[in-house]
Amino acid sequence: MFAVWHGATTTVVVLARPVEKDPGTIDDPPLSAEGEERAQRLAQMFATSLSADPRDGIYVSDERRAQQTAAPLAERLHRTPEVFKAADARAAAAGALHEHTGGTVLVIGSAATLQRVSRELGVADATSAPGDEADVLYLVSIPSFGHTHVLRLKY
């Protein structure tokens, strides 16, 4: 009897909400000055974790704030984020897992969008924290063998 070891990998998916918005009455408001600072902080945090490696990726919903939140990081890495419609969040999550197995993927979207993504990742209740917590990250560790784990961090 012999066994073939294909190799165990772990894919890490980081879920982040768009940062603070400008107060106003428009449907898809831009980032506030505080939001722009937090987007820069997010870029500093992930500039060394994400790389040009095709196993790593940045996915953002089509909401303006999500794209503006990802922009400083994308600029630092010279990468173009994958933009998906909020309604297609589950399909985007499945695609991200398939395309970036063993890598690190940052997904930025609204609370409702991230709930759809987390369902696809098998951690349905991961992002159900109350309120609009723009300063919370969810690190979802998905091993090829074993159980998925979620870590909730405030930054």
(request) For the stretch 118-134, indicate whether the set of residues that are at pLDDT 90 or above, under 11 Å from the mean Cα position of the chain (by Cα) and over 16 Å from Thr10 (Cβ atoms) is non-empty. (result) yes
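Which of the residues that make up the stretch 36-57 are touching a strand residue (DSSP E or B) at 6+ places or on another chain (Cβ under 8 Å) and outside any helix (DSSP H, G or I)?
Ser49, Leu50, Arg55, Asp56, Gly57
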(message) Give me the residue from the stretch 1-13 that is at pLDDT 65 or above and part of a loop (DSSP other than H, G, I, E, B) and, out of that set, surrounded by the fewest Cβ atoms within 10 Å (Cβ to Cβ).
(response) Ala8
(message) Out of everything in the stretch 58-88 that is assigned to a helix (DSSP H, G or I), more than 18 Å from Asp27 (Cα to Cα) and among the hydrophobic types (A, V, I, L, M, F, W, C), what residue ends up being farthest from the chain's Cα centre (by Cα)?
(response) Leu77
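Take Ser32 and tell me if it is over 22 Å from Ala93 (Cβ atoms) and of a type in the set (Ser, Thr, Tyr).
yes
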(request) Sort out which residues of the stretch 85-113 are surrounded by 20 or more Cβ atoms within 10 Å (Cβ to Cβ), within 18 Å of Asp56 (Cα to Cα) and among the hydroxyl-bearing types (Ser, Thr, Tyr), and write them in order of number. (result) Thr104
(request) For the stretch 25-54, name all the residues that are under 17 Å from Val105 (Cβ atoms), surrounded by 14 or more Cβ atoms within 10 Å (Cβ to Cβ) and touching a Ser or Thr at 6+ places or on another chain (Cβ under 7 Å). (result) Leu42, Leu50
(message) Need the failing condition index for Leu139 against (1) of a type in the set (A, V, I, L, M, F, W, C); (2) buried (at least 20 other Cβ atoms within 10 Å of the Cβ); (3) within 26 Å of Glu36 (Cα to Cα), just the number.
(response) (2)
(request) Please find, within the stretch 14-41, the residue that is modelled with the lowest pLDDT out of those that are farther than 23 Å from Thr148 by Cβ and aliphatic (A, V, I, L, M). (result) Ile26
(message) outside any helix (DSSP H, G or I) and closer than 19 Å to Leu42 by Cβ: is that true of Glu133 in this structure?
(response) yes
(request) Among the numbered conditions (1) more than 19 Å from Tyr138 (Cα to Cα); (2) touching a strand residue (DSSP E or B) at 6+ places or on another chain (Cβ under 6 Å), tell me where Ala92 comes up short. (result) (1)
(request) Output the number of the condition that Arg64 fails; it satisfies all remaining conditions of (1) touching a residue at least 24 places away in the same chain (Cβ under 8 Å); (2) out of contact with any Phe, Trp or Tyr (no Cβ under 8 Å at 6 or more places or on another chain); (3) under 25 Å from Thr9 (Cβ atoms). (result) (3)
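The values are calculated or read from the model by the stated rules, or taken from the named source; none is laboratory data. Just so you know, these numbers come straight off a predicted model, no measurement behind them. All Cβ positions, glycine included, derive from the backbone under ideal geometry; neighbour counts span all protein chains shown.
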